[in-house]
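Asker: This is the structure I have questions about; it appears just below.
The values are calculated or read from the model by the stated rules, or taken from the named source; none is laboratory data. Quick caveat, the model's predicted, so the values are computed rather than measured. Cβ: placed from backbone, ideal geometry, glycine included. Neighbour counts: every protein chain shown.
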Amino acid sequence: MNDFVYLKDVVTLKLDTEKCNGCGMCLKVCPHEVFKLKGGKAHIVNRDFCMECGACAINCPVQAIFVRSGVGCAAGIINGILNNSEPACDCSGNKSACC
Amino acid sequence: MKRSKNIESDHPHYVQGYIHTRIGNIPRVYEKLTRKDLLGTVMVRWSINRGNYRVKPGLYAIGNPTELSDVFVTANYKLSFDHLRKNLERLDAWILVLDTKGINVWCAAGKGTFSTSELVNRIRVTRLEELITHRRVIVPQLGAVGISAHQVKKLTETVAPGHLITQASLPVVKGVNISPFGLKTNNGFNVVYGPVKALHIKDFIINKYVATREMRKVTFTFTERARLIPVDFLYGKYKLLIAFAIVFILSGLSKSGISFQLAVDRGLSAMLCVFFAYVAGIVITPLALPYLPGRSFALKGFITGAVVYILLMIISNPGRNYYEMISWFLIISGISSFVAMNFTGSSTYTSLSGVRKEMKVAVPLQIAFSTIGLILFVIAKII
C-alpha cells in the first residue's frame, strides 16, 4: 500500500503545453508520477498525486510549469501564522520536527 | 594512546586517510558504517543531537577515485552522508557534500539550502572542475526541489572562477550563453538526477545512469512511517506536559473548591486519557494511515481518537457522569485529530494547498472540541 492520494482538486499545478518542448525533465524529477509524455509533449495525468514540491517548475528549461510550491506541513503553516511569515517548518536548529 | 580533542575533530572517525590529488589532500571515508555511526543514527531517530548531526561540507573520496570517477552530491546531515557512503561500497567515487545546515536533502531543498547557488558555489570553492575531467554531477532526485539543472549548467559555464553567486542574483535563463556574470569560461556542469534512494545507486549505474520508474517514486511504507514516530512523538512533548498539567489541576476541582489530594487521586487517570489521545494521533494514526478512512489527516486522527475513546470506555469508564463522558470524547478526539494533522509534515505526499484546506475546516473544530470538552469537564466536577 504505497499509493497514497491526498485531497482532491487542491493543487496549484499548471502546465502550459504550448510552451512545453517535450524534454521530459518534469517526468524525471517528479516523485509522484504526475506527468506523462504524449505526442512529444508533457501532460498532467495524475494531478491529485502532486505534492507541490516545485521540482518540475524550477527544472523546466522553458518555464512551462507553474506551481505555488511549499511544504505540506501543518506545523509549518501554524509557525507561519504565528511568526507572520511564509509557512516554514522548524527543522533547522535543535527543535527539529517535521522532516 | 590518548588523542587530544583537537585531532579528533580534525579527523572524524569516518575518515580513514587522505588521497593526494592535484588540488590537495581529500579525505577518504570508510564505506562500512561503524558502531559509532549506527549509534548516532539511533540517537537522531530519537531526537538526540539531531540539530547538530553534521559533516563538514566539501569533497570526500570513496575507494580510489580518479579524474574520471563519478561525483555524488549530498547534504551535510550525517545520516544522509552515511546512507550515501554505505551504498557506494566497492565503488570509486567522489562525494560532494553541500552545506545544508545539517538538514537532509529533501527538506533542505525545500528550505533553499540544498540549492542551485550552493551547488555552484561548492563546485567553485572545492575546485571540483580541476579535480575531474568530466562535467557530470549526480544529484539525488529529491534535490531537484532546490536545484535547477539547466541553471547549474549555465552558471558553471559563465560565472568567472572565484566569483560566488547568491540565490537572489540568479538570472532568469532564456537560452542565451551570456549571463550577467560574464562570458563563457568553460564547459558547464551537467546535473544528472539519480534515484530517490541511495540504495538504488548501483542499479542506477548498471542502468546507464537512467533512473527507472521504480527509482523515481517516493514511497511511504509502514517501516518508513514507523521510523519517523519517535521524533514526531517527542516533538510535542512540551505541549503534552502542559495538557497533563491542565487536566491534573482541573481534576482537583469539586463542589467545595480545589483540592490537591483530589487532583492526585483523579488526575492520574485523566493524564492517562490525554496520553492515549496523543498516542492515537502520533503513533496509531501514522501506522494505520492507509487503512483509515478519509483523506484528510485531521479526519483520520479524529477517527483513531474516537476508537481509542470507545476502547477506554469499555476497559474502564473514565467519566463519573454524562458530562465527563462527553467531555472525554471531545478532548480525546480533538487532541488526536490535531496531533495527527501535524503528521502531514512528515508524510511524503501532502501538498501545501491541501494542508491549508484541511486546516481551515479542522482547526476551528479542534479548538471547539477541546474548549467545550474542558468546560464540560469542569462542569462535571463542580455539579
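Asker: List every residue pair whose Cβ atoms lie under 8 Å apart, where the two residues are 6 or more positions apart in sequence or sit on different chains, the first residue falls within region B:204-215 and is within 11 Å of chain A (Cβ to nearest Cβ), and the second residue, located anywhere, is among the hydroxyl-bearing types (Ser, Thr, Tyr).
Answerer: Every condition considered, the pairs that remain are B:Ala211/B:Tyr193.
Asker: Further question on the same structure: What are the residues in region A:27-85 that are more than 22 Å from B:Phe220 (Cβ to Cβ) and in a loop (DSSP other than H, G, I, E, B), if any?
Answerer: A:Gly39, A:Gly40, A:Asn59, A:Cys60, A:Pro61, A:Val62, A:Gln63, A:Ala64, A:Arg68, A:Asn83, A:Asn84, A:Ser85
Asker: On to the next question. Only one of (1) more than 15 Å from the chain's Cα centre (by Cα); (2) within 11 Å of chain B (Cβ to nearest Cβ); (3) of a type outside the set (D, E, K, R) is not met by A:Ala57, so which one is it?
Answerer: Among (1) more than 15 Å from the chain's Cα centre (by Cα); (2) within 11 Å of chain B (Cβ to nearest Cβ); (3) of a type outside the set (D, E, K, R), the lone unmet condition for A:Ala57 is (1).
Asker: Could you check region A:11-52 and list, in sequence order, the residues that are in contact with a His (Cβ under 9 Å, 6 or more places away or on another chain) and within 9 Å of chain B (Cβ to nearest Cβ)?
Answerer: Hits for region A:11-52 are A:Met25, A:Phe49, A:Cys50, A:Met51.
Asker: Sticking with this one: Checking the structure you have, find out if any residue of region B:329-337 is part of a helix (DSSP H, G or I), surrounded by fewer than 21 Cβ atoms within 10 Å (Cβ to Cβ) and assigned by TED's automatic domain parsing to the domain that holds B:Ala243.
Answerer: As a first pass, look at region B:329-337 and keep what is part of a helix (DSSP H, G or I): B:329-337.
Those left that are additionally surrounded by fewer than 21 Cβ atoms within 10 Å (Cβ to Cβ): B:329.
So of that shortlist, the ones also assigned by TED's automatic domain parsing to the domain that holds B:Ala243 come out as B:329.
Within region B:329-337, one or more residues are part of a helix (DSSP H, G or I), surrounded by fewer than 21 Cβ atoms within 10 Å (Cβ to Cβ) and assigned by TED's automatic domain parsing to the domain that holds B:Ala243.
Asker: Looking at B:Met359, B:Met325, B:Met313 in this structure, which one is within 14 Å of chain A (Cβ to nearest Cβ) and either hydroxyl-bearing (Ser, Thr, Tyr) or assigned to a helix (DSSP H, G or I) (or both)?
Answerer: B:Met359
Asker: Quick one: would you say B:Thr219 is under 29 Å from B:Ala340 (Cα atoms), within 25 Å of the chain's Cα centre (by Cα) and assigned to a helix (DSSP H, G or I)?
Answerer: For B:Thr219, the condition - under 29 Å from B:Ala340 (Cα atoms), within 25 Å of the chain's Cα centre (by Cα) and assigned to a helix (DSSP H, G or I) - is not met.
Asker: Looking at B:Ile229 and the list (1) surrounded by fewer than 14 Cβ atoms within 10 Å (Cβ to Cβ); (2) assigned by TED's automatic domain parsing to the domain that holds B:Leu330, which single condition is not satisfied?
Answerer: Here B:Ile229 clears every test but (1).
Asker: Looking for something within 14 Å of another protein chain (Cβ to nearest Cβ) and without any contact (Cβ under 8 Å) to a residue 24 or more places away in the chain - is there at least one such residue anywhere in region B:271-288?
Answerer: yes
Asker: Only one of B:Gly102, B:Gly143, B:Gly110 is assigned to a loop (DSSP other than H, G, I, E, B), out of contact with any His (no Cβ under 9 Å at 6 or more places or on another chain), buried (at least 24 other Cβ atoms within 10 Å of the Cβ) and assigned by TED's automatic domain parsing to the domain that holds B:Arg54. Can you tell me which?
Answerer: From the options B:Gly102, B:Gly143, B:Gly110, the qualifying one is B:Gly102.
Asker: Same structure, new question: If you go through region B:190-229 one residue at a time, how many are in contact with a Pro (Cβ under 6 Å, 6 or more places away or on another chain) and among the acidic types (Asp, Glu)?
Answerer: Qualifying residue count, region B:190-229: 0.
Asker: Give me a count of the residues in region B:66-80 that are more than 13 Å from chain A (Cβ to nearest Cβ), surrounded by 23 or more Cβ atoms within 10 Å (Cβ to Cβ) and free of Cβ contacts under 8 Å to residues at least 40 places away in the same chain.
Answerer: Within region B:66-80, residues that are more than 13 Å from chain A (Cβ to nearest Cβ), surrounded by 23 or more Cβ atoms within 10 Å (Cβ to Cβ) and free of Cβ contacts under 8 Å to residues at least 40 places away in the same chain number 0.
Asker: Evaluate the following for B:Val308: is it in contact with a strand residue (DSSP E or B) (Cβ under 9 Å, 6 or more places away or on another chain) and away from every other protein chain (no Cβ under 14 Å)?
Answerer: The answer is no for B:Val308.
Asker: Right, another one. State the number of residues belonging to region B:52-65 that are touching a Ser or Thr at 6+ places or on another chain (Cβ under 7 Å) and surrounded by 18 or more Cβ atoms within 10 Å (Cβ to Cβ).
Answerer: 1
Asker: Here is a list of conditions, (1) outside any loop (DSSP other than H, G, I, E, B); (2) touching a helix residue (DSSP H, G or I) at 6+ places or on another chain (Cβ under 8 Å); (3) more than 7 Å from chain B (Cβ to nearest Cβ), and A:Lys8 meets all of them except one; can you say which number that is?
Answerer: All conditions are met except number (1).
Asker: Restricting to region B:184-209, give me the number of residues that are under 16 Å from B:Gln141 (Cβ atoms) and in contact with a strand residue (DSSP E or B) (Cβ under 9 Å, 6 or more places away or on another chain).
Answerer: So the count comes out to 14.
Asker: Within region B:231-281, take every residue that is aromatic (Phe, Trp, Tyr) and under 17 Å from B:Gly334 (Cβ atoms) and give me the one that is farthest from the chain's Cα centre (by Cα).
Answerer: It comes out as B:Phe244.
Asker: Right, next: Criterion first (at the interface with chain B (Cβ under 8 Å from one of its Cβ atoms) and either touching a strand residue (DSSP E or B) at 6+ places or on another chain (Cβ under 8 Å) or modelled with pLDDT of 95 or more (or both)) does A:Asn2 satisfy it?
Answerer: So A:Asn2 does not fit the description; no.
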